[in-house]
Amino acid sequence: MADITVRPMAVADADRVLAIYQAGLDGGNASFEITAPTWAAFDTTRLTAHRFVAVDRDGTVLGWIAVSPTSTRAVYAGVVEHSVYVDPAAQGRGIARLLLDALIASTEAAGIWTIQSGVFPENAASLTLHQRAGFRVIGVRERVGRHHDRWRDVVLLERRSPTIT
């Protein structure tokens with residue numbers, strides 16, 4: 001993976017980040033969302049300090065990761081929900097793991113003790129990625145929402161920091 005670099009996400013990455021997001025949504029197993037948000041909406045709902053992109057030698061963004069707070073209540077200040085997306089043409093190269101490792105280091109350095117996510121059970125690659133990175137399955141929310149006119153389950157995952165006690 002010497003040809004892939006992870007760096008903080010910049011505004012200049014917006015078009016590529018949103019295109020990768022849309023490609024993931026178009027695949028049908030990434031989110032209940034159908035359309036990627038505008039950059040303004042994306043920017044206001046994700047914590048700036050914990051957004052990263054993976055780029056190749058040419059600087060092309062191949063994937064991204066970001067977190068959103070789970071609550072505005074102070075007691076949940078150390079809990080975030082994350083999303084990770086990789087360009088379909090770049091999948092299977094370990095990019096999501098590089099992004100996830102960068103996010104874990106960043107959030108732990110900031111005192112965040114829990115990263116959580118919801119994954120469709122059909123997204124086996126994402127479930128494997130998360131479990132290898134130390135996430136555990138909390139449970140399954142059955143038929144929690146409709147997506148493309150069918151009910152979908154969501155597997156709830158979390159990673160508790162072993163260093164923040």
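The values are calculated or read from the model by the stated rules, or taken from the named source; none is laboratory data. As the structure is a prediction and not an experimental result, all values here were calculated from the model. Please note: Cβ atoms are built from the backbone with ideal geometry, for glycine as well, and neighbour counts cover all protein chains shown. SASA here: full protein model, heavy atoms, side chains in, ligands and nucleic acids out. Shrake-Rupley method; radii C 1.70, N 1.55, O 1.52, S 1.80 Å.
Of note:
- Exclusive hit being under 25 Å from residue 112 (Cβ atoms) and hydrophobic (A, V, I, L, M, F, W, C), set 89, 23, 41: 41
- The single condition among (1) touching a strand residue (DSSP E or B) at 6+ places or on another chain (Cβ under 7 Å); (2) exposed (fewer than 14 other Cβ atoms within 10 Å of the Cβ) that residue 120 does not satisfy is (2).
- Filtered residue count, region 100-126, keeping only those that are in a helix (DSSP H, G or I), within 25 Å of residue 77 (Cα to Cα) and not hydroxyl-bearing (Ser, Thr, Tyr): 8
One line per residue, one yes/no per condition, for (1) within 23 Å of residue 155 (Cβ to Cβ); (2) of a type in the set (Val, Ile, Thr):
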{"site": "19", "(1), (2)": "no, no"}
{"site": "40", "(1), (2)": "no, no"}
{"site": "61", "(1), (2)": "no, yes"}
{"site": "66", "(1), (2)": "yes, no"}
{"site": "76", "(1), (2)": "yes, no"}
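- Within region 1-20, tally of residues that are open to solvent by 70 Å² or more (accessible area, probe 1.4 Å) and in contact (Cβ under 8 Å) with a residue 60 or more places away in the chain: 1
- Positions within region 28-41 being touching a helix residue (DSSP H, G or I) at 6+ places or on another chain (Cβ under 7 Å), open to solvent by less than 60 Å² (accessible area, probe 1.4 Å) and either over 18 Å from residue 13 (Cα atoms) or not in a loop (DSSP other than H, G, I, E, B) (or both), in sequence order: 30, 31, 39
- Residue match in region 42-49 (condition: within 14 Å of the chain's Cα centre (by Cα), surrounded by 16 or more Cβ atoms within 10 Å (Cβ to Cβ) and not aromatic (Phe, Trp, Tyr)): yes
- Residue, farthest from residue 126 (Cα to Cα), within region 85-96, restricted to residues that are free of Cβ contacts under 8 Å to residues at least 40 places away in the same chain and open to solvent by less than 40 Å² (accessible area, probe 1.4 Å): 90
- Selection count where residues are among the aliphatic types (A, V, I, L, M), within 19 Å of residue 90 (Cβ to Cβ) and in contact (Cβ under 8 Å) with a residue 24 or more places away in the chain, scope region 113-130: 2
- Test: residue 34 is modelled with pLDDT under 95 and within 22 Å of residue 156 (Cα to Cα): yes
- The residues of region 130-165 that are under 12 Å from residue 32 (Cβ atoms) and of a type in the set (Gly, Ala, Ser) amount to a single one, 145.
- From 103, 62, 99, residue being farther than 21 Å from residue 25 by Cα, crowded, with 16+ Cβ neighbours inside 10 Å, under 15 Å from the mean Cα position of the chain (by Cα) and not β-branched (Val, Ile, Thr): 103
- Put simply, of 115, 138 the only residue that is out of contact with any Gly (no Cβ under 8 Å at 6 or more places or on another chain), open to solvent by 60 Å² or more (accessible area, probe 1.4 Å), among the β-branched types (Val, Ile, Thr) and modelled with pLDDT of 95 or more is 138.
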